Amino acid sequence: MKVTIDWLKKYVDFDYTPNELAEKLTLLGLEVDSISEIKYDFENVIIGEIKSVKQHAQKPNLSICEVNIGSKSLNLVCGAPNVSPGIKVPVATVGARLPKDVVIKAATIHGIESPGMICSEAELGISHQSDVIMTLTNSASVGADLKSYLNKGETVIEMDITPNRPDCLGVIGVAREIAALKNAKVKKPDVDLNESNDLSINDFIDVEIKNPESCPRYTACYIQGIKVGPSPRWLIQKLEAVGLRTVNNVVDVTNFVMMETGQPLHAFDYDLLADHKIIVKHADPGEKFITLDEKEHKLSDERLMICDGKRSIALAGVMGGLNSEITHDTKNVLLESALFESINIRKTSKLLDITTDSSKRFERGVDPDGLVFALYRAALLIQETAGGEVARGYFDCYPLKIEKRKIKLSIDRVNRLLGTKLNIDEAAGLLERLEFSTKKEKDYLLVDVPTFRVDIEREVDLIEEISRLYGFDKIDPKIEANIPLTLPVNMQEKFDQKVRDNIIRMGYNEILTHSMVSLDLAEQFSVNKPVSIKNPLSEEMGTLRTSIIPGALQIIKWNKNRKIKNQKVFEIGNIFYYDKAETHRHVEQRKVAFFRTGQNKADSWCEKARQSTFYDLKGDVISLIESLGISKTKVILTEVKYLKKNQAVNLFINNNPIGYLGALSDSALKIIDIEDDVFVAELDIDQLYQHFSWEKKANPVIKYPSIKRDLAIVLDHTIAEALVEEKIWEAGGNYLQSVEIFDVYRGKQVAANQKSFAFNLTFQSNERTLTETEVDGDLTKILKSLESQFNARLRS
Amino acid sequence: MNPDIKEILSQLEQLKQNFLDEISNNLDARNTEDIKVKYLGRKGKLSSFFSLLGKVTPENKPLLGQELNRLKNFLQSEVDNLSKSVTKKSKKDDFFDISLPGVPAEIGTKHPLYQVLDEIKSIFTSLGFTTETGPELETDFYNFEALNIPKDHPSRDLQDTFYITDELVLRTHTSPVQIRTMKKMKPPIRMIAPGKCYRKDSIDATHFPVFHQVEGLCVDVGVTFADLKGIIWAFAKRLFGEDVKIRFRPSFFPFTEPSAEYDFSCVKCNGKGCNICKGTGWLEISGAGMVDPAVFKYVDYDSDKYTGYAFGMGVERIAMLKYQVADIRDFYENDLRFLKQF
Ligand SMILES: [Zn+2]
């Protein structure tokens, strides 16, 4: 919502600077977005008077005007229809500068020399009026600079009006706020209309409301014998300053009054109304209607229409119809000032995708008692600018009377909510300044809400009004003395943090991606059915991620393209998909995903790094899990469509699936367009949490010495290490403390289909020092078991 | 005229500094002798200063003498130490180049937004708030209806929403977690709800369709607007330091009444006005207010008995202020060179 300071000053006296005003409005809740000054972007344009007008010999639509510019007379060629002797006009002589750095040169137009031009407002950048030249009032002094004639640049204040304050979508409403601040009254503009003695409204129109639930009140007046034409300078200036385009004097007046009062108005060409009737009713289902913007709409029976005796003539409260608009030929006008129900208007506006200044106001709510004032105000101004005779009285169809709201306000409530110590008179005083009327009863107030405040329905709304005018800055911050410290802590959230911290300790960088990917990526990286967004920003962000992987891979690629080869990144976040069993039900799961690519570490001068492998990532994942105090993990080879066939495993804890890890397949890398190997793991955090315990118990460190033995065996190369290790534990006896593989060998020193494993075994008792003989015995048992299980033999 | 004693002393200090620089770079035995000659030799740098002893005023003479001897002794002992250590190193196979860079340890980083979020969380934890979470895919009821944002109401326009179905949305704020928490438990409630939110904003330097919000809620008997101001005041000071001021101004949110926007005094210019605060001296942080009785009705709280306040804040906004990041997209680009700065 834009207003100019000069416009505001018509209704309330103040002498704030623009910046002061902006701050005051902002602190009242009318947040000021910008303050700007209208500046004229032309130089050396002077005021001239047309002495005579001749038609161009060859081009009848051009005129040759003799213009007195004070120092001399010029013959200027002009194409505008409104040149006539005696009018005063702006003249850009040779050398004058117009907006967009147009410099006027002498020109020869169809054989006639023209040392300058007569300007339209559009050419001067003052307004969008381009089809006529600008005309100045008689008082303009010939030869003077046009800038001295025009008002000094107006200051425009743009505010962000919250949806609850439709009353401030009119300049008077904003003025009211300033008046409240200054404890003054607004000066309402003149509506002292010259009504006709001969014509009476009832002779011209009949209004019937068929759906009062959608239109509780409809008022109208009639003006006869007007002359449609360009608006006067002051009107154009006001409208253009607040961002509205000038159309013609009648339409401009309706727009001006809407900006002034907040009440949208509509003007119909009276002679186009069949039967001289207005019927307000819902559309016929499937009805087609062409609005002013020449667009055709197909309507359902929920849409509210203004109709004449035969057809629809306006989409109520949103936009007029092409079939009844004001044209240059219009002689008689029916002016509408109505109240349409907000939700209906909003639905219409949303459904047909038309937002107008009118629909914006109706969907927020207009003042039911402000209709007639706006009607009279517009009639008065139409009469002033377009002439005509206003029929006596107005038509008022008001089937659903809206009662003034009365609210009981307890002063105790006020202080209990705000933490203030206001007394009842202070509260009443603040409300009165905002045009509420109050009546004191013991410890409460009976408050009458002015009808323009459609947002005030409850006691708490009044408390807000009091606090707003009282000033939030007068309420002192209070620091509570008693903070309850026994509220339950969200442990799951705390676990998240622990997981995050532990991964960072392993040298991973946390990334954070938005959770939206293309449908294609969502499908490629999951077996589940993705959840798509109905109204996405773009196709690339049209679907919720089914896995953290595709989004993160795009980040990895981004960094690779910036020459960062070695990457260790992770992300914790939610993924989404539709449940397999109940397909309409969605699932949201919290995952942690790890990614490694490039070398296992950066090269340094003393050590060349190697490429990362499956085992690096597996080590990271198992280290994380163990750092959380969870053991009994197990991996099982699996198939995942985007992982390499022999490097994809599911991860289990206590035989419950937790997630998977592996190497991305070549085809998956191709989708993202990455060349190097990428190793990924994705675990379910909530599942992980199931196996986690916050309780920790210290185990005493064994104080007896340990004995270490190496065991190297040769066995068939297809036997998995984990199986061998399991058997070692089974056969190893009570003192076996740890089994660590330190060598895996295939090559010349063993047979072709054989390999060798070398383990380091530690034996220890927590009761006594073990003897070498005891340990040798256990070792023999282990070897025997491996020999029988795997046909393994001791490597010599 | 006598030379200025202050000037001489400062030259001596400079000489000492030059000497120290030189020996710290000296890794070669051959240079040790050169350094000794250069500083302590008969025509060395120090000897020229001794000639000044006769030229200063008599009262300054003892002072200068004392300083010169002290420096001479210092240089002598340093040179001795140096030649000892270099002699040791110069046995060829014993040379150890301590100047080579160490092998760097690999240290991971937390995403800057989560670093800020953690800071916010820890401040509120210390103020007695618990942390609650909820789903990102929310029902229309929790995201809108229960927060007094009915369908077909203009207040829906305040948030451009991503819809999955008519009844399921990507949450536009973490306020639904308030509702979920209030439905689960009775007052007193002091909670914050941090998390990812989504709004259908076109992407530019200050807008991204995904962002993080922390929503706070406190409900109990006797909670007032003054308490709300107190908590925001305490938070502002913990986050941006003792000097920060707060400002509340009226606004509108369907789920609070009265509603306010709160601002912090500009952390860059201290309220004088600069490009970050667009000359106003204030930084808009977010919205707050007293819980609307309509919201209490949805969760069956007695609004005659309980009052409460709620507030929100954008993590990105605060992170941008704290780290002086001008473009919100930097956080989601995840350039490792950017992330590793934090
Ligand atoms: Zn600033």
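Points worth noting:
- Answer from A:Leu445, A:Leu400, A:Leu409 - the residue that is part of a loop (DSSP other than H, G, I, E, B) and either in contact with an Asp or Glu (Cβ under 6 Å, 6 or more places away or on another chain) or among the aliphatic types (A, V, I, L, M) (or both): A:Leu400
- Failed condition for A:Ser84, given (1) within 31 Å of the chain's Cα centre (by Cα); (2) surrounded by fewer than 17 Cβ atoms within 10 Å (Cβ to Cβ): (1)
- Across the stretch A:478-512, the qualifying residues are those that are farther than 22 Å from B:Glu132 by Cα, β-branched (Val, Ile, Thr) and buried (at least 17 other Cβ atoms within 10 Å of the Cβ), and the one among them that is farthest from the other protein chains (Cβ to nearest Cβ) is A:Ile503.
- Cβ-Cβ under 7 Å pairs, at least 6 apart or on other chains, the stretch B:267-293 side in the same structural domain as B:Phe240 (by TED's automatic domain parsing) and farther than 26 Å from B:His212 by Cα, far side near the ligand (Cβ under 7 Å from one of its atoms) and assigned to a strand (DSSP E or B): none
- Considering the conditions (1) more than 27 Å from A:Thr762 (Cβ to Cβ); (2) open to solvent by less than 60 Å² (accessible area, probe 1.4 Å), A:Glu695 is excluded by exactly one of them, (2).
- Test for A:Ile713: is it in a strand (DSSP E or B), hydrophobic (A, V, I, L, M, F, W, C), touching a strand residue (DSSP E or B) at 6+ places or on another chain (Cβ under 7 Å) and under 17 Å from A:Thr762 (Cβ atoms): no
- Any hit, the stretch B:267-274, residues being surrounded by 19 or more Cβ atoms within 10 Å (Cβ to Cβ) and not small (Gly, Ala, Ser): yes
- Taking the stretch A:599-676 as the region of interest, the strands (runs of 3 or more DSSP E) fully inside it that hold 3 or more residues being in contact with a Gly (Cβ under 9 Å, 6 or more places away or on another chain), more than 14 Å from chain B (Cβ to nearest Cβ) and crowded, with 17+ Cβ neighbours inside 10 Å are A:643-653.
- Lone unmet requirement of (1) in contact (Cβ under 8 Å) with a residue 24 or more places away in the chain; (2) part of a helix (DSSP H, G or I); (3) among the charged types (D, E, K, R) for B:Arg337: (1)
- Within the stretch B:148-169, considering residues that are among the aliphatic types (A, V, I, L, M) and part of a loop (DSSP other than H, G, I, E, B), the one farthest from the other protein chains (Cβ to nearest Cβ): B:Ile149
- Taken as a whole, the condition of being away from the ligand (no atom under 16 Å from the Cβ), more than 30 Å from A:Glu571 (Cβ to Cβ) and open to solvent by 30 Å² or more (accessible area, probe 1.4 Å) applies to B:Lys237.
- Flag if A:Leu418 is of a type outside the set (S, T, N, Q), touching a residue at least 12 places away in the same chain (Cβ under 8 Å) and either farther than 21 Å from A:Arg165 by Cα or within 11 Å of chain B (Cβ to nearest Cβ) (or both): yes
- Strands (runs of 3 or more DSSP E) enclosed by the stretch A:98-206 - at least 2 residues per element that are of a type in the set (Val, Ile, Thr): A:107-109, A:155-160
- Taken together, the residues in the stretch B:260-276 that are within 12 Å of the ligand (Cβ to nearest atom), assigned to a strand (DSSP E or B) and touching a strand residue (DSSP E or B) at 6+ places or on another chain (Cβ under 6 Å) amount to 2.
- Count of residues meeting criterion [open to solvent by less than 70 Å² (accessible area, probe 1.4 Å) and either of a type in the set (A, V, I, L, M) or modelled with pLDDT of 80 or more (or both)] in the stretch B:23-45: 7
- Tally, over the stretch B:240-254, of residues that are in contact (Cβ under 8 Å) with a residue 12 or more places away in the chain and either open to solvent by less than 20 Å² (accessible area, probe 1.4 Å) or away from the ligand (no atom under 16 Å from the Cβ) (or both): 7
- Residue in the stretch B:171-188 that is among the hydrophobic types (A, V, I, L, M, F, W, C), in contact with a helix residue (DSSP H, G or I) (Cβ under 6 Å, 6 or more places away or on another chain) and facing chain A (nearest Cβ under 10 Å) present: no
- Answer residue from the stretch B:137-147, given it is open to solvent by 10 Å² or more (accessible area, probe 1.4 Å) and aromatic (Phe, Trp, Tyr) and is farthest from the other protein chains (Cβ to nearest Cβ) among those: B:Phe141
- For the criterion of being within 16 Å of the ligand (Cβ to nearest atom), part of a loop (DSSP other than H, G, I, E, B) and touching a Ser or Thr at 6+ places or on another chain (Cβ under 6 Å), B:Gly279 fails.
- Any hit, the stretch A:374-387, residues being in contact with a Gly (Cβ under 9 Å, 6 or more places away or on another chain) and surrounded by fewer than 22 Cβ atoms within 10 Å (Cβ to Cβ): yes
- The criterion of being away from the ligand (no atom under 13 Å from the Cβ) and assigned to a loop (DSSP other than H, G, I, E, B) does not hold for B:Glu257.
- Which numbered condition B:Leu15 misses (of (1) open to solvent by 80 Å² or more (accessible area, probe 1.4 Å); (2) at pLDDT 85 or above; (3) hydrophobic (A, V, I, L, M, F, W, C)): (1)
Residues checked against (1) closer than 30 Å to A:Arg505 by Cα; (2) modelled with pLDDT under 80:
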site	(1), (2)
B:Ser47	no, no
B:Lys55	no, no
B:Lys61	no, no
B:Arg70	no, no
B:Asp80	no, no
B:Ser90	no, yes
B:Val103	yes, no
B:Lys110	yes, no
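- Take the conditions (1) free of Cβ contacts under 8 Å to residues at least 12 places away in the same chain; (2) crowded, with 20+ Cβ neighbours inside 10 Å; (3) under 18 Å from the mean Cα position of the chain (by Cα); B:Phe264 misses just one of them, which is (1).
- The helices (runs of 4 or more DSSP H) located wholly in the stretch B:1-76 that include 2 or more residues which are small (Gly, Ala, Ser) and more than 30 Å from B:Asp94 (Cα to Cα) occupy B:47-50.
- Residue selected from the stretch B:285-314 under the condition under 20 Å from B:Asp227 (Cα atoms), out of contact with any Phe, Trp or Tyr (no Cβ under 8 Å at 6 or more places or on another chain) and open to solvent by 10 Å² or more (accessible area, probe 1.4 Å), by the criterion nearest to the ligand (Cβ to nearest atom): B:Thr307
- Pair list, Cβ < 7 Å and 6+ apart or interchain, from the stretch A:767-796 residues that are more than 12 Å from A:Tyr735 (Cβ to Cβ) to residues that are surrounded by 14 or more Cβ atoms within 10 Å (Cβ to Cβ) and among the acidic types (Asp, Glu): A:Arg793/A:Glu787
The values are calculated or read from the model by the stated rules, or taken from the named source; none is laboratory data. Note that the structure is a prediction, hence the values are computed from the model and not measured. Cβ: placed from backbone, ideal geometry, glycine included. Neighbour counts: every protein chain shown. Heads up: the accessible areas ignore ligands, DNA and RNA and are worked out on the full protein's heavy atoms, side chains in. Shrake-Rupley method; radii C 1.70, N 1.55, O 1.52, S 1.80 Å.
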